[in-house]
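Step one of this worksheet: look at the structure below.
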């Protein structure tokens, strides 16, 4: 392996670790307390579902999109702090993260994945219900 390829592999590995940490938090970032209503700061009771209703599971396509979005968010945040990642690093990280979160993501409710897909930071992804 060339020195440049080895550096790229290490950078991609570091990027995947950061993105995996963010994705592991997906679904576990809430305290159970009601979220404040938009613009009011007042708590809103969570919507209730009948006990026999199961949330719709996320699809493989949504999970792949979430992995890609996590990598892009992580890249943006890391680049803002001076880290140097190439597009090759990003593509390698996306492929690795897609396979790394596929099984766990498939068990997440679709609403959680949709929240992650619309998040604008890794902290916002971690706060998804």
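Annotations
- Restricting attention to segment 70-97 and to residues that are under 12 Å from the mean Cα position of the chain (by Cα) and crowded, with 19+ Cβ neighbours inside 10 Å, the residue that is farthest from residue 59 (Cα to Cα) turns out to be 74.
- Listed conditions (1) buried (at least 18 other Cβ atoms within 10 Å of the Cβ); (2) at pLDDT below 90; (3) part of a helix (DSSP H, G or I) are all met by residue 63, apart from (2).
- A count restricted to segment 84-103 and to residues that are touching a helix residue (DSSP H, G or I) at 6+ places or on another chain (Cβ under 8 Å) and free of Cβ contacts under 8 Å to residues at least 40 places away in the same chain stands at 2.
- Top-ranked residue of segment 109-129 - restricted to ones that are in a loop (DSSP other than H, G, I, E, B) and at pLDDT 90 or above, ranked as surrounded by the fewest Cβ atoms within 10 Å (Cβ to Cβ): 120
The values are calculated or read from the model by the stated rules, or taken from the named source; none is laboratory data. Given the structure is predicted, the values throughout are model-derived calculations rather than measurements. Every residue, glycine as well, gets a Cβ built from its backbone with ideal geometry; the counts of neighbours run over all protein chains shown.
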